[in-house]
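Chemist: Questions regarding the structure given below will be posed in turn.
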Amino acid sequence: MSDRLTLRNLELFVAVCEYGGGTAAAQHLHVAQPSVSQAIRDLEHHFHADLFERRPRCMLPTDAGRKLLTHARELLDGFSSLEQEMRAGGTETLRIAASITTGTCYLPEFLRKLSQGFSPVQITGHVDDDFSEAVRLKAQVMIEDSASVERAVVAGEADVGLVEGMIRSSDIVAHAFARDRLVVVAPDDASCLPALGDKNSLTPVELAHLPLVLREQGSGVRDLFEAALRTQGLPCTPLWESVSTQALIAAVEAGLGLSVLPLALVQEALRRNKIRCINVPGLKLDRELLVIHHRRKLLTPGLKAFLACVCASS
């Protein structure tokens, strides 16, 4: 039995936590299951603590296991960054996760400014249909809802995130860099939605009882709207949901319902007179936009430059 603390043992430990057991972790990492079991035993011997509750079909981290998981992810993340930099001869890859609103309206400009201090490379990663690649940069970009962005930063899957609204994890450091306003939008043609007609103003109660087409749960837009309705004692029961802002705008144009979206993302549709804004007195729909990183994140030169670029815009 080894008493050494190795990166490989930590990697196997994190995999067991993430996949719920030694067999699943072994399959994912393409190693023998006994190797995973031995790694866990070595760690438990090293720390003199039980790291898992062994159950018939899964392994659940104990309190000690959860503490180790937090530090293990940080260590592995730091080592991964070190490997990338050393193999690339000093080239740093910055992993950025952003919500649809921040990724569409702010991130391209931040990356343009950031690229002035670094050699440009291809942006890689998966993006939402609402995000358009503006420049070729030294970055990996992921566009998700705000909750997914926060989870990626906490898990070490992203170095930095751009989100709207509330942060749930105490492991996150957040700085506001802008304010954003949501608006209630309806079809410009009053005949498309007879339940609304030509009204340009609604009470919160009236709004809650009209058909709504909204962003999915977990998005910053949806969280803020639901919170605003809750302060009025009102439910939020959308007719349907979508992750795509453009799909929601098209639904509003077709008269399928009203939506609540960032003003910055509906400007073009407003200019084309396809939709109109509805005033809802008493419904607070302003929010802060935040740049976030893990409180124990190693602030590399690239990350420091990005944070400075974002904060300078506030």
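The values are calculated or read from the model by the stated rules, or taken from the named source; none is laboratory data. Just so we're clear, the structure is a prediction, and the values are computed from it rather than from any experiment. So basically every Cβ, Gly included, is an ideal-geometry build from the backbone, and we count neighbours across all protein chains shown. Just so you know, the surface numbers come from the protein's heavy atoms only, side chains and all, with ligands and any DNA or RNA stripped out. Shrake-Rupley method; radii C 1.70, N 1.55, O 1.52, S 1.80 Å.
Chemist: Using Cα springs under 10 Å in a Gaussian network model of the chain, which residue among Val31, Val260, Val149 shows the largest mean-square fluctuation?
Modeler: Val31
Chemist: Could you give P(r) for region 21-73, binned at 10 Å from zero, as whole percent values over all Cα-Cα pairs?
Modeler: Percent of pairs per bin, in order: 24, 56, 19.
Chemist: For Ala308 and Glu288 in the same chain, what is the full-extension length gain: residue separation times 0.36 nm, less their Cα-Cα distance, in nm?
Modeler: Numbers: separation 20, 0.36 × 20 = 7.20 nm, distance 1.77 nm.
Stretched fully, the Ala308-Glu288 segment lengthens by 5.4 nm.
Chemist: Here's a follow-up. Quick one: which residues, 5 or more positions from Leu258 or on another chain, have an amide H under 5 Å from its amide H? H modelled 1.01 Å from N in the peptide plane, none for Pro or chain starts.
Modeler: Leu212, Val213
Chemist: Right, something else. Under 24 Å between alpha carbons, and skipping anything fewer than 8 positions from Lys113 in its own chain: which lysines qualify?
Modeler: Partners within reach: Lys138, Lys297, Lys304.
Chemist: Give or take rounding to whole Å, what are the principal axis extents of the alpha carbon atoms in region 200-314, in descending order?
Modeler: In descending order, the Cα extents are 50, 35, 24 Å.
Chemist: With both bridge residues required to lie in region 129-275, what share of the DSSP beta bridges run antiparallel, to the nearest 5%?
Modeler: Details: 5 of 9 bridges.
Percent antiparallel among DSSP bridges in region 129-275 is about 55.
Chemist: Using Cα positions and a limit of under 19 Å, work out the lysines in reach of Lys274, with same-chain residues fewer than 8 apart set aside.
Modeler: Answer for Lys274, where 19 Å is the Cα cut-off: Lys199, listed by chain and number.
Chemist: With a probe of 1.4 Å, find how much accessible area region 221-280 has per residue, and write the answer as a whole number in Å².
Modeler: 44
Chemist: Have a look at the DSSP beta bridges in the chain and tell me what percent are antiparallel, nearest 5.
Modeler: Here the share of antiparallel DSSP bridges comes out near 65 percent.
Chemist: In whole Hz, with x marking every Gly and Pro, tabulate ³J(HN,Hα) for region 301-314 from phi via Karplus 6.51 cos²θ - 1.76 cosθ + 1.60, θ = phi - 60°.
Modeler: Ordered by residue, 3J(HN,Hα) equals x, x, 5, 4, 5, 5, 4, 5, 5, 5, 5, 5, 7, 6 Hz.
Chemist: Also, quick follow-up: Ranking request for peptides 215-227, 294-306, 150-162: highest mean number of other beta-carbon atoms within 10 Å first, then the rest in descending order.
Modeler: Ranking, from highest mean packing down: 150-162, 215-227, 294-306.
Chemist: Between region 212-239 and region 165-189, what is the C-alpha centre distance in whole Å?
Modeler: Region 212-239 and region 165-189 have Cα centres separated by 13 Å.
Chemist: Can you compute the FRET efficiency between Cys236 and Glu74 using 1/(1 + (r/R0)^6), with r the Cβ-Cβ distance and R0 = 51 Å? Round to the nearest 0.05.
Modeler: 0.90
Chemist: Please list the radius of gyration and Dmax for region 183-259, considering alpha-carbon atoms only, with Å as the unit.
Modeler: In Å, with Rg to one decimal and Dmax whole: 11.9, 33.
Chemist: On to the next question. Between Met142, Met59, Met166, which gets the highest mean-square fluctuation from a Gaussian network model of the chain, Cα cutoff 10 Å?
Modeler: Met59
Chemist: On a straight-distance basis, which aspartates and glutamates could pair with Lys284 in a cross-link, Cα separation under 18 angstrom, same-chain partners fewer than 8 positions away excluded?
Modeler: Cross-link targets: Glu164, Asp180, Glu206, Asp223, Glu226.
Chemist: With charges set only on the Cβ (+1 for Lys and Arg, -1 for Asp and Glu), what does the dipole of the chain come to about its Cα centre, in debye to the nearest 20?
Modeler: With only Lys, Arg, Asp and Glu charged at Cβ, the dipole is about 420 debye.
Chemist: Next up: Give the separation of the Cα centroids, region 1-62 to region 245-269, in Å.
Modeler: Cα centres, region 1-62 to region 245-269: 48 Å.
Chemist: Could you work out the Kirkwood radius for the chain, taking every pair of different alpha carbons, averaging 1/r and inverting it, reported in Å?
Modeler: Mean inverse Cα-Cα distance, inverted, gives 22.0 Å.
Chemist: Another question, then. If the convex hull of the alpha-carbon atoms of region 171-222 is projected onto planes in all directions, what is the mean projected area in square nanometres?
Modeler: So the mean shadow area of the Cα hull is 5.6 nm².
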